[in-house]
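The values are calculated or read from the model by the stated rules, or taken from the named source; none is laboratory data. Treat the numbers as computed from the prediction; the structure is a model and nothing was measured. Methodologically, a virtual Cβ is constructed for each residue, glycine included, from the backbone with ideal geometry; neighbour enumeration extends over all protein chains shown.
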Number of protein chains: 2
Amino acid sequence: MNVPQVLAVGGGSVVPIPPLDAVAELAKVTVVDSANDHWPALPDAEVAFVWNFQWAAPGRLLTAAPGLRWIHVAAVGVDRVLSPEIVASDVLVTNSRGVFDRSIAEYVAGLLLAHTKEFRLTYDLQRQRVWRNRVTRTLAGQTVAVVGTGSIGRTIARMLKALEMRVVLVGTRRRLDPEFGEIRVAAELAAVARDCDALVLAAPATERNRGMVDRTVLDALGSDGYLVNIGRGSLVVEDDLVEALASGSLGGAALDVFATEPLPPESPLWRLPNVVVSPHMSADTEGFAQDLVAVFLRNLHRWIKGEPLDNVLDKKLGYVPSTA
Amino acid sequence: MNVPQVLAVGGGSVVPIPPLDAVAELAKVTVVDSANDHWPALPDAEVAFVWNFQWAAPGRLLTAAPGLRWIHVAAVGVDRVLSPEIVASDVLVTNSRGVFDRSIAEYVAGLLLAHTKEFRLTYDLQRQRVWRNRVTRTLAGQTVAVVGTGSIGRTIARMLKALEMRVVLVGTRRRLDPEFGEIRVAAELAAVARDCDALVLAAPATERNRGMVDRTVLDALGSDGYLVNIGRGSLVVEDDLVEALASGSLGGAALDVFATEPLPPESPLWRLPNVVVSPHMSADTEGFAQDLVAVFLRNLHRWIKGEPLDNVLDKKLGYVPSTA
């Protein structure tokens, strides 16, 4: 049986790379830290397991392991790992599609409910010991557009539909979806946003998607509209967003991802009263590290048996193409 | 056709009693304010529409309108209106069952998500411009007990089940429910709470339910447990609750109702860091006043046609008995 050599790159995550004992039963594992300049020579490593998905220098994998054939990323958004060298190479890249779907969907539903029910104002009034009844809205009956038709976008859309929101899905090509009806496209985003109470971004950070939410889209979403970004910061023109939030031409936003992370202390987003800033945490729920290892392990079994891998990226597109 | 005379009692609510033009097309309407000492003589009023459900002196209806036969309350919890005189009288009492179900269920789902995803800590860290990733839990897979099998309790239970929580329903008699399986009873509440991550109170404030959540139940819910009360303050022994929250023997609580409302400024609940205090607002969403009038109007049609009324209270029980 083929016993592959696996280069596992840790570091740079909220949670350290977990013990890889189960992987070591199938493969020869060498764990290195992305921040360490000195790695052992790995001429025979054919597989890499990248824990640090925000690693700025993934091209180093190709020089450290010249025999590399497959990179598995412990994340869904793999924009950082898809460096020009890796895209140009013959190396397969797979991601962890599916692991974070429910966690992120709950996070988004929670943000929309917290906004609609004015929880932050409630906390502020509590701090002042002020009892002030208010009439809020229901989430039911509101319209939300979810940008992204991958498993995260669909799980969000399904949960918001279960909460009786009207859901519009936005993808890369116009088509009829059995579950969500007409899929709209990014070029129509301003028109879609005009009819929405909320816009949720769950799309991959591809070149094509860069800055898809700009001043025009934000103005269309409007002074009662709410933007939620759990995808990637690059989907939004951040300067336009700051301006729309400061002027009130956009009602508010909940942002879990940013152009630069951690969000720099000088960013005006921290202080705008109609913005929620959270530290790229929507996906990270208890057990997620073990789940990520399990996804890699399932694919490693396939690799060893010579079966086709799950979640293979189209490196040009920048995501796993939908089979639907 | 019988044109009834209706005494409508306004005042004392977040939202003033709405215009009753549609009611006036069917009946002779006299609107009074609960706080006003001087009402016109109303010897022929047979119907009362009580807008102020927290009114402390509903017995006044019987002296003001000696011909009274039916009181409709613009609320679901009618504990205040069920004064001893009114319970002892032959007057029918109906409530507005159904109007608030979805609003309250959304509010509860929002509170549980906000707690699980640590939104309040996120807001506090944002105020300090601190980026601190955390690993939270999912709501899916957690166990919640919902006390109350009326339409509010069931709508909450249904929504939390849709969010993949394990839901236990607690009612007044043990039985097998087609939707939620075994209904547990209040006498078992400590045993139920021991297996729960969260306990949601949506029961009516009857004498039987008074203080049903005491030290024993709170200790059973435990230091990781979370209490949500959107029912009535009297369901909880508030002193026990304060002690459990202050000592940490209970993890936290979100309270929308209190023994005394507005919550007095000297209550320690305002300042406990593991408590959310909100001002009895879970039900109040846009359009609720019109919805309440519509419910009364439907019943008034029935009254005029001599049909049986909807939502007739069992005044001894203190709520509308389930037809299931």
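Computed values, structure above
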{"item": "Options B:V170, B:V93; residue that is assigned by TED's automatic domain parsing to the domain that holds B:A75 and not basic (K, R)", "result": "B:V93"}
{"item": "In segment B:138-149, the residues that are more than 8 Å from chain A (Cβ to nearest Cβ), surrounded by fewer than 21 Cβ atoms within 10 Å (Cβ to Cβ) and part of a loop (DSSP other than H, G, I, E, B)", "result": "B:G141, B:Q142"}
{"item": "Residues that are under 13 Å from B:V275 (Cα atoms) and in contact (Cβ under 8 Å) with a residue 60 or more places away in the chain, drawn from segment B:232-242", "result": "none"}
{"item": "Residue within segment B:42-52 that is in contact with a strand residue (DSSP E or B) (Cβ under 7 Å, 6 or more places away or on another chain) and under 30 Å from A:H115 (Cβ atoms) present", "result": "yes"}
{"item": "Single residue of segment B:50-67 satisfying the filter (assigned to a loop (DSSP other than H, G, I, E, B) and not small (G, A, S)) that is farthest from B:P4 (Cα to Cα)", "result": "B:Q54"}
{"item": "Residues of segment A:116-146 classified as more than 16 Å from B:L263 (Cβ to Cβ) and among the polar types (S, T, N, Q), total", "result": "5"}
{"item": "Members of segment A:197-231 found to be free of Cβ contacts under 8 Å to residues at least 60 places away in the same chain, hydrophobic (A, V, I, L, M, F, W, C) and surrounded by fewer than 24 Cβ atoms within 10 Å (Cβ to Cβ), listed by number", "result": "A:A220"}
{"item": "Any hit, segment A:29-49, residues being touching a residue at least 60 places away in the same chain (Cβ under 8 Å), within 20 Å of the chain's Cα centre (by Cα), outside any helix (DSSP H, G or I) and crowded, with 21+ Cβ neighbours inside 10 Å", "result": "yes"}
{"item": "So B:A75, is it of a type in the set (A, V, I, L, M) and under 23 Å from the mean Cα position of the chain (by Cα)", "result": "yes"}
{"item": "Members of segment A:50-70 that are within 20 Å of A:P16 (Cβ to Cβ) and crowded, with 20+ Cβ neighbours inside 10 Å", "result": "A:V50, A:W51, A:N52, A:F53, A:W55, A:P58, A:L61"}
{"item": "Residues within segment A:213-258 that are assigned to a loop (DSSP other than H, G, I, E, B), closer than 19 Å to A:A114 by Cβ and over 14 Å from the mean Cα position of the chain (by Cα), tallied", "result": "4"}
{"item": "Any hit, segment A:177-189, residues being under 20 Å from the mean Cα position of the chain (by Cα), in contact (Cβ under 8 Å) with a residue 60 or more places away in the chain, outside any strand (DSSP E or B) and crowded, with 18+ Cβ neighbours inside 10 Å", "result": "no"}
{"item": "Enumeration of residues in segment A:150-168 that are of a type in the set (G, A, S) and either touching a Phe, Trp or Tyr at 6+ places or on another chain (Cβ under 7 Å) or crowded, with 23+ Cβ neighbours inside 10 Å (or both)", "result": "A:G150, A:G153, A:A157"}
{"item": "Condition met for B:R132 (outside any helix (DSSP H, G or I) and among the charged types (D, E, K, R))", "result": "yes"}
{"item": "Count - residues of segment B:97-137 that are small (G, A, S) and within 7 Å of chain A (Cβ to nearest Cβ)", "result": "4"}
{"item": "Among (1) at positive phi; (2) more than 14 Å from chain A (Cβ to nearest Cβ); (3) basic (K, R) - the single one B:R174 does not satisfy", "result": "(1)"}
{"item": "Failed item in (1) touching a strand residue (DSSP E or B) at 6+ places or on another chain (Cβ under 8 Å); (2) in a loop (DSSP other than H, G, I, E, B), with A:N299 passing the rest", "result": "(2)"}
{"item": "Qualifying residue in segment B:116-123 (condition: among the basic types (K, R), in a helix (DSSP H, G or I) and surrounded by fewer than 21 Cβ atoms within 10 Å (Cβ to Cβ))", "result": "yes"}
{"item": "Residue match in segment B:240-248 (condition: among the polar types (S, T, N, Q), out of contact with any Asp or Glu (no Cβ under 7 Å at 6 or more places or on another chain) and surrounded by fewer than 19 Cβ atoms within 10 Å (Cβ to Cβ))", "result": "yes"}
{"item": "Selection status of B:L199, assigned to a strand (DSSP E or B), over 20 Å from the mean Cα position of the chain (by Cα) and farther than 22 Å from B:N95 by Cα", "result": "no"}
{"item": "Residue in segment B:169-199 that is farthest from B:L82 (Cα to Cα), counting only those that are touching a Phe, Trp or Tyr at 6+ places or on another chain (Cβ under 9 Å) and of a type in the set (A, V, I, L, M)", "result": "B:A198"}
{"item": "Any hit, segment B:76-91, residues being surrounded by fewer than 23 Cβ atoms within 10 Å (Cβ to Cβ), closer than 26 Å to A:E106 by Cβ and either in contact with a Cys (Cβ under 9 Å, 6 or more places away or on another chain) or not β-branched (V, I, T) (or both)", "result": "no"}
{"item": "Given (1) in contact with a strand residue (DSSP E or B) (Cβ under 7 Å, 6 or more places away or on another chain); (2) assigned by TED's automatic domain parsing to the domain that holds A:G233; (3) not hydrophobic (A, V, I, L, M, F, W, C), index of the condition A:E106 fails", "result": "(1)"}
{"item": "Residue list for segment B:150-176, filter: within 18 Å of the chain's Cα centre (by Cα) and assigned to a helix (DSSP H, G or I)", "result": "B:S151, B:I152, B:G153, B:R154, B:T155, B:I156, B:A157, B:R158, B:M159, B:L160"}
{"item": "Condition met for A:R210 (within 15 Å of the chain's Cα centre (by Cα) and either closer than 23 Å to A:G110 by Cα or away from chain B (no Cβ under 14 Å) (or both))", "result": "yes"}
{"item": "Selection from segment A:243-280 of residues that are of a type outside the set (D, E), over 23 Å from A:G77 (Cβ atoms) and touching a residue at least 24 places away in the same chain (Cβ under 8 Å)", "result": "A:A244, A:L245, A:A246, A:G248, A:S249, A:L250, A:G251, A:G252, A:P268, A:L272, A:N274"}
{"item": "Cβ pairs under 6 Å, 6+ apart, first in segment A:121-133 and in the same structural domain as A:P273 (by TED's automatic domain parsing), second part of a loop (DSSP other than H, G, I, E, B) and of a type in the set (S, T, Y)", "result": "A:T122/B:S278"}
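Condition check ((1) closer than 24 Å to B:A109 by Cβ; (2) hydrophobic (A, V, I, L, M, F, W, C); (3) facing chain A (nearest Cβ under 10 Å)) across all residues:
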{"position": "B:L218", "(1), (2), (3)": "yes, yes, no"}
{"position": "B:Y226", "(1), (2), (3)": "yes, no, no"}
{"position": "B:D240", "(1), (2), (3)": "no, no, no"}
{"position": "B:G252", "(1), (2), (3)": "yes, no, no"}
{"position": "B:F258", "(1), (2), (3)": "yes, yes, yes"}
{"position": "B:L263", "(1), (2), (3)": "yes, yes, yes"}
{"position": "B:D284", "(1), (2), (3)": "yes, no, yes"}
{"position": "B:R298", "(1), (2), (3)": "no, no, no"}
